1. Would you work out the charge dipole size for the chain about its Cα centre, treating the Cβ of every Lys and Arg as +1 and the Cβ of every Asp and Glu as -1, and quote it to the nearest 20 debye?
2. Taking the Cα atoms of the stretch 182-239 alone, what are Rg (to one decimal) and Dmax (as a whole number) in Å?
3. Keeping all protein chains in place and using 1.4 angstrom, which order do Arg194, Arg342, Arg85 fall into by accessible surface area, from largest down?
4. Can you give me the distance in nm between label points at Glu279 and His338, each placed 7 Å from the Cα along the Cα-to-Cβ direction?
5. Find which of Asn41, Ala243, Tyr277 sits farthest along the positive direction of the dipole of the chain, computed with +1 on the beta-carbon of Lys and Arg, -1 on that of Asp and Glu, about the Cα centre.
6. In nm, to one decimal, how far is the modelled label at Arg294 from the one at Ala169, with both set 7 Å along Cα→Cβ?
7. Before I look further, what does the stretch 77-151 give for accessible area per residue, probe 1.4 Å, in whole square angstrom?
8. Figure the gain on full extension for Ser96 and Lys76 (residue separation times 0.36 nm, minus the Cα-Cα span) and round it to one decimal in nm.
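The values are calculated or read from the model by the stated rules, or taken from the named source; none is laboratory data. All values derive from a computational prediction rather than experimental measurement. Positions of Cβ are generated from backbone atoms using ideal geometry, with glycine treated the same way; all protein chains shown enter the neighbour counts. Heads up: the accessible areas ignore ligands, DNA and RNA and are worked out on the full protein's heavy atoms, side chains in. Shrake-Rupley method; radii C 1.70, N 1.55, O 1.52, S 1.80 Å.
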Amino acid sequence: MMSGTHQRLDVTDRTRELPAVADVGRRVVARRSQGGSLVANVGVPLSLDWVDSVRVNTSAVERRATTLVARRTVKKDWQIAWLLRAITCMDLTTLSGDDTEERVRRLCAKAMHPVSDSVKGALAIRDLPLQVAAVCVYHLFVQTARRALDGTNIRVAAVSTGFPAGMTALAERLAEIRSSVEAGADEIDVVITRAHVFAAQWQRLYDEIAAFKKACGDARCKVILGTGDLATLRNVARASLVAMMAGADFIKTSTGKESVNATLPVGLVMTRAIREYSERTGMAVGFKPAGGIRTARQSLEWLALMKEELGPSWLEPHLFRLGASSMLGDIERQLAFHGSGRYSASYHHPLV
């Protein structure tokens, strides 16, 4: 990603090497910022020349991420509207070793009613339909979440493929995906083999993700890159491109278990890769930052990044998710403050 007016990914134009994408019979999922439509991603053949030509200017990325936070703020009613939008784009998540069916049921109840009636009343939005986009759980709890969310359009997401390390045999990971889909999962968050990135084995990474995508069937395939483990922003950009070429519906920063999870510089690199891919192929890919996102202010920062880098179409839950759990409690506190003028204690806004 080079400095300059747009700080675009420095990629040699090889659009003619990629297959043409027809809109006929394909679902339009986004609009280009300069006009025209984008359809859902089905992948393209792996272009090693495209991947190898990627360069990232780390200092420019970090400078852009810093100025984004410094320059973009929303206040008062606008801030409330953005926080409500953040809720609708949230994957409410529980991925703890001590998870139980009862905890998952309580989380699903919160997903259906993310803001208390008293807070909605104070904001005069009692009639506003408000819920999160999805509930993300381990495979063991997919059926529990599916039953708890019956009758809603909240999606069930399952982490899979040897989460969080992704070190099990490929056959086992594919079987785990199919099992979660059969149990009722609408979305599968899959983990790549990071070693393929370190060794620049792009064909192996492409084949692995393409196999995950096929195993997902009609479920959305959300590819976790584990960016905190990838060492360089160039690796992040390259892995993002390969995942999209292989057919990823979303690319996701982290499992939430790495020492470093979602950061704005990483998000900037990944969203620029999404923009390049959409411009070259006519297909839109979603983005999900996850891990370490805990405050209402952080949700505003990520929304600002999406709006500026990808446009309004990526502020919808079918193309943007925030992987978080504790963040919802802080957002509800901020909403309560706006309605009453007083901050409430965090225990007044429990998740489960």
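1. The calculation lands at about 840 debye.
2. Here Rg and the maximum Cα pair distance are 12.3, 37 Å.
3. Greatest to least solvent exposure: Arg342, Arg85, Arg194.
4. Label at Glu279, label at His338, 3.3 nm between them.
5. So the residue we want is Tyr277.
6. Going from the Arg294 label point to the Ala169 one covers 4.0 nm.
7. The answer is 48 Å² per residue.
8. 3.7 nm
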